[in-house]
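**Q** Before I ask anything, let me first share the structure, which is written out below as structure tokens.
No lab work stands behind these numbers, since they all come straight from the coordinates. Keep in mind that this is a model prediction, so the values were computed, not measured. Neighbour counts are summed over all protein chains in view; Cβ atoms, including those assigned to glycine, are modelled from backbone coordinates with ideal geometry.
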Amino acid sequence: MSKQNTKTVFIRVFVKTMLIIILMFAVGFASYQGVFWYCKNNNGGKIKERLEALHNKQEEGTNILYTAVLFDDTRSSGAEGIMVKAFNSNTKNMDCIMIPTNTQLISSSAVYDQIKEEVDNLPETITIGDINTYIQDETKSYELTVQALEEILGIEDIPYYEAYNQKVLTSVVNLLDPQNMDVPIPISTKDTGGYELTLEAGEQELDGEKAAGLLEFKGYPNGDVDQAKVAAQYWSIYYQSVASLDETKKKDYYEQYYQLVTCNHSEEIMNQYGSKFLEIAPNQYCFHLLPGSEVDGQWSGNEEEIQSLFDSILAIEDPYETAQDMSQFDVSVVSSKDLDIEIYNSTTVEGLAGSWTNKLREEGYRVVHADTDRSGVKDHAIVYVKEAGRGLDLKSYFPKAEFITDEQLDGVDIRIVLGIAES
């Protein structure tokens, strides 16, 4: 074939190809216009509206902001309180999940593995409240605690945390007037640094120091779980007071708050959400206890119930209209005042059993005998009870005590052996 014929064939094939492409484009464009003409003129326009609405909803999103709140009292070992706040910027609802500090981390936890790299002979299970006792670096401790919360709650990312010790907590509480709250049991706490606090049961006016003592107290009947319940009661009252402030006072409050606490909130996030915090109404705070059960003295989260809780939170599309009923967080106490109690002194402090006998009798307890224990000095009290579950109200007096059920107790229902911690 000559070069001239080859050129002619190529031109013909090229022209045919271009014509086919142009024809296909024309058919496609005509079909596109036809479909939308049909949708518009045959009540099908709703399809487009629904697609646009779906797109807008996806753009807006649920927009939940997760923040971990950590109370780490430097006077004692372990975290004193943990809460996760879930703020819905669309509805302005603030859901607060209270995490008992004895919530367990098992050996299969990724956070457990990170701690094990730095700690020799780590127990097979530790609690989330123990993390800062193993990790001395404050920032890393906070970050690992947040990671542990992500594991426990099944949340992909909790981007922010707020943390404070007893001194900062006292200052935060004192940003408002003292709060009135029904204290469930008598509270007495002291430490080696000379700090001491006593609160009577019943209606109390709580300033910063008293509130901090209430929140850090470990002697509730059911330990860390009751501590989380009491914290829910207190923070519900506190946050409602914040939400009741006028806009100017709210702005002043948040400005001072974020100067006090240790946190990783960026200026950008505060600019984005700060104004929305001002819009939260008192009834829009809702508290939840981490779903789970106690196993061998540690709280074990229930994955299905936790997932169900967060599904229900995410499904809420409207602002909470009524204030939450907080009765589910009541701490019930069975009194031991009708039981026979004996007290023994296992320390070298003379008269210790007698002084505690007088104190408990003044409080209405029936102490029938006091004596000296000669089995050796104890670090803290040991409380023997004849029936499991009894004597737990005595934790308010002996928060560091070990409770042991001994059905063979002879002549009394409860035997208290005092230790150095009670001297």
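**Q** All other residues with a Cβ under 14 Å from the Cβ of Y161 taken together, and with Lys, Arg as +1 and Asp, Glu as -1, what is their net charge?
**A** Local charge sum for Y161: -4.
**Q** I want to check the label-to-label distance for D379 and S312. Put each point 7 Å from Cα in the C-beta direction and report it in nm to one decimal.
**A** 4.1
**Q** Sorted from largest to smallest, which semi-axis lengths in Å does the alpha carbon gyration tensor of the range 160-278 give for its equivalent ellipsoid, taking the root of 5 times each eigenvalue?
**A** Working: eigenvalues 156, 50, 35 Å².
Semi-axes, largest first: 28, 16, 13 Å.
**Q** Could you tell me the extents of the range 127-181's C-alpha atoms along the three principal axes, largest first, rounded to whole Å?
**A** 37, 25, 19
**Q** Which one of T145, I106, T91 is farthest out on the positive end of the charge dipole of the range 81-173, using unit charges on Cβ (Lys, Arg +1; Asp, Glu -1) and the Cα centre as origin?
**A** T91
**Q** Taking 2.2 N^0.38 Å as the expected size of a compact globular protein, what ratio does the Cα radius of gyration of the range 114-224 give against it, to two decimals?
**A** In units of the 2.2 N^0.38 Å rule of thumb, it is 1.29.
**Q** Modelling each spin label as a point 7 Å along the Cα-to-Cβ direction, I'd like the T91/K116 distance in nm, to one decimal.
**A** Each label point lies 7 Å from its Cα, and together they span 4.0 nm.
**Q** Also: Could you work out the relative contact order of the range 319-389, using alpha carbon pairs under 8 angstrom and six or more residues apart, expressed as a whole percent?
**A** Reported relative contact order: 33 percent.
**Q** What is the list of residues in the range 161-176 whose amide nitrogen lies under 12 Å from a point 7 angstrom out from the Cα of L245, following Cα to Cβ?
**A** 172-176
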